[in-house]
1. Do you know which residues across segment 123-142 are assigned to a helix (DSSP H, G or I), in contact (Cβ under 8 Å) with a residue 40 or more places away in the chain and surrounded by fewer than 18 Cβ atoms within 10 Å (Cβ to Cβ)?
2. Can you tell me which residue among Ile18, Ile78 is surrounded by 10 or more Cβ atoms within 10 Å (Cβ to Cβ) and closer than 29 Å to Ala173 by Cβ?
3. Please find, among Val105, Val148, the residue that is within 13 Å of Asn76 (Cα to Cα) and at pLDDT 90 or above.
4. Assigned to a helix (DSSP H, G or I), over 19 Å from Tyr102 (Cβ atoms) and at pLDDT below 90: is that true of Asn29 in this structure?
5. Take the residues in segment 32-75 that are at pLDDT 90 or above and among the polar types (S, T, N, Q); name whichever of them is surrounded by the most Cβ atoms within 10 Å (Cβ to Cβ).
6. Quick check: anything in segment 60-79 β-branched (Val, Ile, Thr), outside any helix (DSSP H, G or I) and out of contact with any strand residue (DSSP E or B) (no Cβ under 8 Å at 6 or more places or on another chain)?
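The values are calculated or read from the model by the stated rules, or taken from the named source; none is laboratory data. As the structure is a computational prediction, the values presented were derived from the model and not from experiment. For neighbour counting, all protein chains shown are included, and Cβ atoms are generated from backbone atoms with ideal geometry for every residue, glycine included.
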Amino acid sequence: MKKKAFWIPLIIIVVIGIYLTTWVQGAYNTMVVEDEGVKTAWSQVENQYQRRLDLIPNLVSTVKGYTNYEGETLTNVIDARAKATQTVIDPSNMDEQALKNYQEVQNNLSSSLSRLLMVVERYPDLKADRSFKELQAQLESTENRITVERKRFNESAQQYNILIRKFPNNVLAGFFGFHPKAYFQADAGASKAPQVEF
């Protein structure tokens, strides 16, 4: 009889231990999957911003061939592009301030591009140039892609943040070093994707 009394608590402890181990493993693995989803979404955002950065030298070169007195505007675009290429975020350590700085640099580049493209209005031959029209279409497409990828990133970050903030996952997230991810924020007064007009 004493042997039976000894085994019952031991079996209960083993079953509870197996259950807890399985639960912790499942919760941890889910957090890893969601974290990797955020990193993947971030890489797509970066790909689209890089696509835009790659278009700028061709755009500047095309505009430069048609304009005579727009050196300052072109220089501003080139400088903004240079700053954008130097601003990098580590997706595994992304906080609100880093994302805000990144977004500010990208917004400055967008603003410089907008000023450059307003200059184009003074040059009808440039607006009619086939290369310029192709660059215009690619730039518009890229701006739309950036908007889509930023939205996907925010959705992925939201899903991850919800997962790690729910109880009891929040205890495990803190223990294993999972931290909330920042979101892209709309610019003050912005309610739609940037418009590129020629």
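1. Here is the first cut: in segment 123-142, the ones assigned to a helix (DSSP H, G or I) are 124-128, 130-142.
Imposing the further condition that a residue be in contact (Cβ under 8 Å) with a residue 40 or more places away in the chain reduces the set to 125-127, 131-132, 135-136, 138-140, 142.
Asp125, Lys127, Ser131, Gln138, Glu140 - these are the residues of segment 123-142 that are assigned to a helix (DSSP H, G or I), in contact (Cβ under 8 Å) with a residue 40 or more places away in the chain and surrounded by fewer than 18 Cβ atoms within 10 Å (Cβ to Cβ).
2. Answer to the check: Ile18.
3. Exactly one residue qualifies, and that residue is Val105.
4. Spelling it out, it is not the case that Asn29 is assigned to a helix (DSSP H, G or I), over 19 Å from Tyr102 (Cβ atoms) and at pLDDT below 90.
5. Result: Gln48.
6. There is at least one residue in segment 60-79 that is β-branched (Val, Ile, Thr), outside any helix (DSSP H, G or I) and out of contact with any strand residue (DSSP E or B) (no Cβ under 8 Å at 6 or more places or on another chain).
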